[in-house]
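In what follows, a structure is listed as structure tokens, so that the remarks can point back to it.
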Amino acid sequence: MGVGRASLYATYGDKRALFMRALADYADTTIGFFVRRLDAADDPLAEVRAIFHDIAAFSVCDDGRFGCFLVNSTAELAANDEEVRAFVTRSFERFEDAFTRALERARAEGALPADKNPRALARFLFATIVGIRVMGKARADLAVLEDIADSALACLERA
């Protein structure tokens, strides 16, 4: 990048501050992308399904097999680092809130059964996405990840 150590630390302070800034930028970019998709969707359930399949596909490509910076940071640091734990909690809640809004719209439009709890479904769906990202690191098999996605998405269907 052509940036010397002194310039880097003068800008960010230390390695930890640089890490937290990078994590924040990553979360804003990545989660923001999905929040915008969900909030703008004409068909919220179709968009939820598309996001699942896009994430499954990305999880097996060369760049995606390294996992998600936010998920990796959670797995490696959140148990022992309060600042990271608080940050990832807020970030995960942002994605969960976007899922909840989309599912509430779908329920209001009659596309999601009235007896379904949008918040509970949002939590389950987001947890499944985290699982898909982790599974993609260990078992980069699109058919397996698509199977997981389809099984999770079945919760959106009428009984």
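List of remarks:
- For segment 21-93, the Cβ-based charge dipole about the Cα centre amounts to some 60 debye (Lys, Arg positive; Asp, Glu negative; other atoms uncharged).
- Axis of helix 44-60 versus longest Cα principal axis of the chain: the two differ by about 50°, to the nearest ten degrees.
- Charge dipole magnitude, Cβ of K and R +1, D and E -1 - the chain, Cα centre, debye nearest 20: 360 debye
- Segment 47-88 - Kirkwood radius from inverse mean 1/r over Cα pairs (Å): 11.5 Å
- Normalised by 2.2 N^0.38 Å, where N counts its residues, the alpha-carbon radius of gyration of segment 62-155 equals 1.21.
- Computed [θ] at 222 nm, deg cm²/dmol, the chain (DSSP H ≥ 4; -39,500 (n - 2.57); rounded to nearest 500): -24500 deg cm²/dmol
- Between helix 118-138 and the chain: long-axis angle, C-alpha atoms, 0 to 90°, nearest 10: 60 degrees
- A simple count of charges around Arg94, restricted to other residues whose Cβ falls under 12 Å of its Cβ and scoring Lys, Arg +1 and Asp, Glu -1, yields -2.
- Across the options Gly64, Thr100, Ala22, the greatest Cα extent toward the positive end of the charge dipole of segment 10-101 (unit charges at beta carbon of Lys, Arg, Asp, Glu) belongs to Ala22.
- Normalising by residue count, the chain has a Cα convex hull of 126 Å³ per residue.
Here, each number is a calculation from the coordinates, and none is a lab measurement. It should be emphasised that the depicted structure is a prediction, and the values quoted were computed from it without experimental measurement. No Cβ is skipped: glycine too gets one built from the backbone with ideal geometry, and neighbour counts run over all protein chains shown.
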